[in-house]
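The values are calculated or read from the model by the stated rules, or taken from the named source; none is laboratory data. Small disclaimer: the values here were computed from a predicted structure and weren't measured. Cβ: placed from backbone, ideal geometry, glycine included. Neighbour counts: every protein chain shown. For the accessible areas, the whole protein counts, side chains as well, though only heavy atoms, and no ligand, DNA or RNA atoms are used. Shrake-Rupley method; radii C 1.70, N 1.55, O 1.52, S 1.80 Å.
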Amino acid sequence: MSINPMQNTPQDDLLSSLNGEQRKAVEHLDGPVLVLAGAGTGKTKVLTSRLSNLLFQGKARAFEILAVTFTNRASREMRERVGHMVGNVVEGLWLGTFHSIGTRILRRHAELLGFKSSFSILDADDQLRLVKQLIEAEHIDDKKWVPKSILGQFQRWKDRGLTPERVLQQGGEDSYLGHLYKLYQERLQILNAMDFGDLLLHCLTLFELHPEILSQYQTMFKYILVDEYQDTNVAQYLWLRLLAQKHKNMCCVGDDDQSIYSWRGAEVKNILRFETDFPGCLVVRLEQNYRSTGHILSCASALISHNENRLEKTLWTDVDGGEKITVRGVWDNEDEARFVLDEIETLNHRGHKLHQIAILVRAGFQTRAFEERFIKIGLPYKVIGGLRFYERQEIRDAIAYMRVLVQPDDSLAFERILNVPKRAIGPQSVQMLHNLAREQKKSLYAIAYELVETDELRPQVKRNMKKLIDDFERWRDLLNYTDHANLTEQMLDESGYTSMWQNDKTPEAPGRLENLKELMRALSEFENLQGFLEHVSLVTERAEKNSGDEVILMTLHSAKGLEFETVFLPGWEEGVFPHQKSLDEGGSSALEEERRLAYVGLTRAKKKAFITYAANRRMYNQWQSAYPSRFLAELPKENIIESSPRGVASPYKNNDNSSYNREPSYGNNRSYGSSAPQRQLKPPVYGSSSNTGHYDWEVLAPKDSGYKPGDHVFHEKFGNGTVLGTDGQKLDIDFGKGGIKKVMANFVKKV
C-alpha cells in the first residue's frame with residue numbers, strides 16, 4: 001500500500017489513538033506476540049489496528065494475513081473496522097471463524113481426503129439423525145446408548161483432534177464407542193458431508209497426510225492473528241501451531257482470566273503455555289480498563305488474584321472510583337427477586353434505561369423467580385441466550401405430565417409425553433390413535449385406554465402404552481391424598497423422565513435437571529396442581545415478546561463480551577456459585593474457572609454492580625440453609641457496601657464486629673445438614689508479617705435456641721406457627737396453611 005509521506009497518514013491517526021501498551025502490541029510486527037487483554041481494555045481495537053498496520057507498513061499483502069475469530073459477529077466487526085482504515089485492500093484477507101477458514105481450505109483440497117468440494121455441512125439436527133440411524137442399523141439399545149450422548153462424545157474427540165483410528169489405538173473402555181465413531185465418519189464420507197468438528201479435524205488430517213499442502217499455507221500466511229485465544233480447544237491449538245511454524249509471526253489476543261468454556265472443550269492451558277510454545281515472544285499486558293469504575297475493577301482484580309494458574313495482570317482506570325459495589329443478603333430467592341426488581345424500578349424512575357440493566361445468573365433455574373416477579377409487576381424483560389423458564393423443553397414436558405394427570409382428555413399434552421421418554425410408540429401407532437379419536441370423537445387418552453385392551457397394537461407397543469395408562473390411573477388415585485409436589489416428582493421419576501436426563505451426557509442435561517428441581521419448588525408454593533397450571537397459563541399468556549426498552553436476563557456464560565451500565569449478580573452462595581456439580585467433578589481447576597466466571601460477571605458492569613446472596617434455598621421441597629459464597633470474602637471491604645436484614649448471616653466479619661462472616665466449605669464442598677459443625681471465621685491480622693491472607697476456622701458447639709416443641713411463635717413472612725422440633729438454632733415450625741418450614745431461631749419471636 002503506497003502512502004504519500006508528506007501527508008498526515010491514516011497510520012499516524014491510527015497510532016495516535018492508542019495507549020502505550022496498545023501501541024507496543026500494534027507496532028511490534030515481527031515475531032510472536034501474546035497480548036493479555038483484560039476485560040474492557042480494547043482488545044478488538046488492538047487486533048484491527050495491528051492488522052491495518054501490517055498493511056500500512058507493507059509487511060504483507062492481504063492474502064498473506066490470516067485472522068481468526070470465534071464468532072461471525074466478531075469477524076464482521078473486524079472486517080468493517082479494517083475496511084474503514086485501509087479501504088478495499090481488506091478484500092483479500094483470510095479473515096473469519098475457525099470453521100469458515102477450515103471450510104475454505106477443505107473446499108480446495110477435499111478430493112485428497114475422499115470428499116467432493118461440494119461437501120455439505122450438517123447441522124446439529126442432521127448429525128443427531130445420522131447417529132440414530134447408525135444405532136438402529138447396529139441394533140443398539142438407544143436407552144442404554146443415548147444418541148445425544150454418543151454424538152457429544154464424538155464431538156469431544158474431534159475437539160481434541162482425535163480421529164477414529166487414534167481413539168481405537170488407545171483401546172480401553174472407549175473401544176466400542178470408537179467403533180461407532182469410525183462408522184459415523186465413514187457414513188459422513190458416503191454422504192459427502194462433514195459436521196462442524198470435521199472442519200478442523202480434516203484440516204489436521206490433510207496437513208498430516210500431505211505435508212506439501214501444509215507447507216503452501218505455512219509459506220502463504222506470513223502473519224497470523226487470533227482473537228479470544230483462551231477459548232481455543234486442542235484441535236484449534238494444533239491447527240494454529242502448524243500454520244505458524246515457518247514464520248512464527250503469530251499474535252494471540254486473549255485473557256486467561258476470562259477462560260470460562262472448559263465444558264465445551266476450551267483449554268486455558270493453551271494461552272498459559274504460549275511463552276513455552278514460542279520462546280522469546282513479546283508479552284504485552286493491556287491493563288487500562290475503559291469500561292468500569294475503580295471500585296468495580298478493584299473488586300474484580302482482588303477476586304481473580306486468588307487463582308493460582310494465571311498470567312499476572314491488574315486492571316486499572318484513570319476515571320474516578322464511582323459507586324461502591326452493593327453486597328446484599330436476602331432471606332430467599334423470592335426476596336432476592338423483590339430486592340433486585342425494586343432497585344431496577346428505582347433506577348428506571350430516575351431515568352436509567354432498562355436495556356442498560358442486566359441480571360446475570362450462574363444457572364438457568366435461577367431465572368424463574370425473576371421472571372415471575374417481572375410479570376407480576378409488569379416490567380418488560382428479555383431472556384438472552386436461552387428460553388424463558390416455562391418455555392424450556394423439560395419444563396413443557398413436565399407440565400404436560402401434570403396436565404394429563406389433572407385432565408386426561410388433554411390430547412395435546414398426552415401426545416407430547418406419549419413417547420417421552422421413549423416407549424417404542426412410533427408414528428404409525430400415534431396415527432392410529434388420531435384416526436380412531438376423530439372417528440369416535442374421543443380424546444387420545446380415552447382411545448388409548450380402550451385400545452390397550454385389544455389386539456390392534458403390536459405387543460411391545462401395547463405393553464408400554466398400557467403401563468403408561470395404568471401409571472396415570474394410579475397417580476390420579478394418589479392425587480386425592482398425596483402432596484401434589486411430591487406426587488409430581490414421583491410421577492416424573494416413575495415414568496422414566498427424570499432418569500432420561502440423568503443418563504443424558506450432553507452438557508445441557510445437568511441444567512435441565514436443575515430446572516426440574518426448581519419447577520418442583522415452584523409447584524410447592526400452590527395449594528394444588530390445578531392452581532399451579534392456571535398460574536402457568538397466565539404467566540405464559542402475559543409473557544409475550546416485548547420490544548424496545550427491556551431488562552436483560554441471562555446466564556454469566558452468555559454475558560461474556562457484553563457490557564451494561566448496571567449489573568445484578570444474584571445467587572452468590574456455596575453450591576450455587578461456585579456451582580456444586582462443577583466443584584464435585586473438577587476440583588480446584590473447576591473452582592478457578594468458577595472464579596473466572598465471577599470475574600467476567602463483575603467486569604460486565606460499567607457504573608453499578610449489585611451482588612445478592614440468600615440465606616435459604618428450597619431444594620427437594622425442603623428449606624435448606626444457604627451459605628454465602630467464598631467469593632464474597634475475597635472482595636475488598638473498602639470497595640463494597642454490605643447490608644443484610646436481621647437474621648441473614650453476613651459473609652464478612654472484622655474486628656469491629658461490623659461483619660464479614662462466611663460459612664466455609666466442608667471437605668469436597670458437599671452440602672451438609674444440621675449435623676454439620678458451626679464454624680466461625682477468625683480474620684487474619686492485617687499488617688502482620690506472618691499473615692498469609694488465609695482464613696482460619698474455629699469449631700463452635702451448637703447453641704441452644706431457647707425454644708422447645710409446642711412453643712407458639714410469630715414469623716414476619718410466614719405468620720403464626722407452632723414449633724415441632726429444634727436442632728441448635730434451627731427450628732422446624734408448622735405454619736398451618738404455610739406448611740412446615742425450617743427457619744433460624746432469630747427470625748421468630750414467642751407469642
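A Förster radius of 22 Å, combined with the Cβ-Cβ distance separating Asp342 from His535, puts the computed FRET efficiency at roughly 0.50.
Think of it as helices only: each DSSP H run of n ≥ 4 in the chain is worth -39500 (n - 2.57), and spread over all residues that comes to -13000 deg cm²/dmol at 222 nm.
In the context of the full set of protein chains, residues of region 307-436 present 42 Å² of accessible surface per residue (probe radius 1.4 Å, heavy atoms only). Within 13 Å, Cβ to Cβ, of Leu487, how many net charges do the neighbouring residues add up to if Lys/Arg are +1 and Asp/Glu are -1? Local net charge: -4. Peptides 602-612, 551-561 ranked from most to least packed by the mean count of surrounding Cβ atoms within 10 Å: 602-612, 551-561. Pairs of Cα atoms in region 317-462 fall into 10 Å distance bins, from 0 up to the last occupied one, in shares of 9, 27, 21, 15, 14, 9, 4, 1, 0 percent. Dividing the convex hull volume of the alpha-carbon atoms in region 17-139 by its residue count gives 176 Å³ per residue. Listed by chain and number, the lysines whose alpha-carbon sits under 17 Å from that of Lys132, ignoring those within fewer than 8 places in the same chain, are Lys143, Lys144, Lys148, Lys182, Lys422, Lys505. Coupling constants for region 227-232 follow from the phi torsions by the Karplus curve (6.51 cos²θ - 1.76 cosθ + 1.60, θ = phi - 60°), and in residue order they are 9, 6, 4, 5, 9, 6 Hz; glycine and proline get x. The mean sequence distance of close C-alpha pairs (under 8 Å, at least 6 residues apart), as a share of the length of the chain, puts its relative contact order at 13 percent. Shown in residue order for region 109-115 are the 3J(HN,Hα) couplings computed by the Karplus curve 6.51 cos²θ - 1.76 cosθ + 1.60 at θ = phi - 60°: 10, 4, 4, 5, 10, x, 10 Hz (x for Gly and Pro). Put simply, the convex hull of the Cα atoms in region 417-563 casts, on average, a shadow of 12.9 nm². Phi angles across region 320-326 convert, under the Karplus curve 6.51 cos²θ - 1.76 cosθ + 1.60 with θ = phi - 60°, into 3J(HN,Hα) values of 5, x, x, 8, 5, 6, 8 Hz, Gly and Pro given as x. Annotation: region 211-321 has a Kirkwood hydrodynamic radius of 15.8 angstrom, from the mean reciprocal C-alpha pair distance. Residues whose amide H lies under 5 Å from that of Ile740, counting only those 5 or more places away or on a different chain, are Phe735; hydrogens are built 1.01 Å from N in the peptide plane. Computed over the Cα atoms of region 282-363, the ratio of the radius of gyration to the Kirkwood radius (Rg/Rh) comes to 1.05. For Ser120, the residues whose amide H sits under 5 Å from its own are Ala193, Met194, ignoring neighbours fewer than 5 places away on the same chain, with H placed 1.01 Å from N. Debye-formula intensities of region 335-383, expressed as log10 I(q)/I(0) at q = 0.16, 0.27, 0.28 Å⁻¹, are -0.42, -1.19, -1.26 (one equal scatterer per alpha-carbon, no solvent). Between Leu183 and Asn528, full extension at 0.36 nm per residue minus the direct alpha carbon distance yields a gain of 119.1 nm.
Under a Cβ-only charge scheme (Lys and Arg +1, Asp and Glu -1), can you give me the dipole magnitude of the chain about the Cα centre, in debye to the nearest 20? Mind dumping the intermediate values first?
On the way: 97 positive and 102 negative charges, 145 e Å.
It comes to approximately 700 debye.
Each of Tyr481 and Asp320 was given a label point 7 Å from its Cα along the Cα-to-Cβ line. The distance between the two points is 7.0 nm.
Rounded to the nearest 5, what % of the DSSP beta bridges within the chain are antiparallel ones?
Roughly 35 percent of the beta bridges in the chain run antiparallel, per DSSP.
Based on alpha carbons, the Rg and Dmax found for the chain are 29.4, 95 Å. A Cβ-based charge dipole, computed about the Cα centre of region 333-414 with Lys and Arg at +1 and Asp and Glu at -1, lands at about 320 debye.
Available extension along the chain between Trp263 and Thr71 is 67.3 nm, counting 0.36 nm per residue and deducting the alpha carbon span.
Sorted by packing (mean other beta-carbon atoms within 10 Å per residue), highest first, where do 223-234, 486-497 land?
Numbers: 223-234: 23.5, 486-497: 18.5.
Averaged packing, sorted descending, gives the order 223-234, 486-497.
The distance between label points at Arg396 and Arg107 comes to 3.5 nm (points 7 Å beyond Cα on the Cα→Cβ vector).
Using a probe radius of 1.4 angstrom, the carbon and sulfur fraction of the accessible surface of the chain is 49%.
Suppose the Debye formula is applied to equal point scatterers at every Cα of region 123-235; what is log10 I(q)/I(0) at q = 0.15 Å⁻¹? The calculated log intensity ratios at q = 0.15 Å⁻¹ are -0.74. Kirkwood's formula applied to the C-alpha pairs of region 220-262 gives a hydrodynamic radius of 11.0 angstrom.
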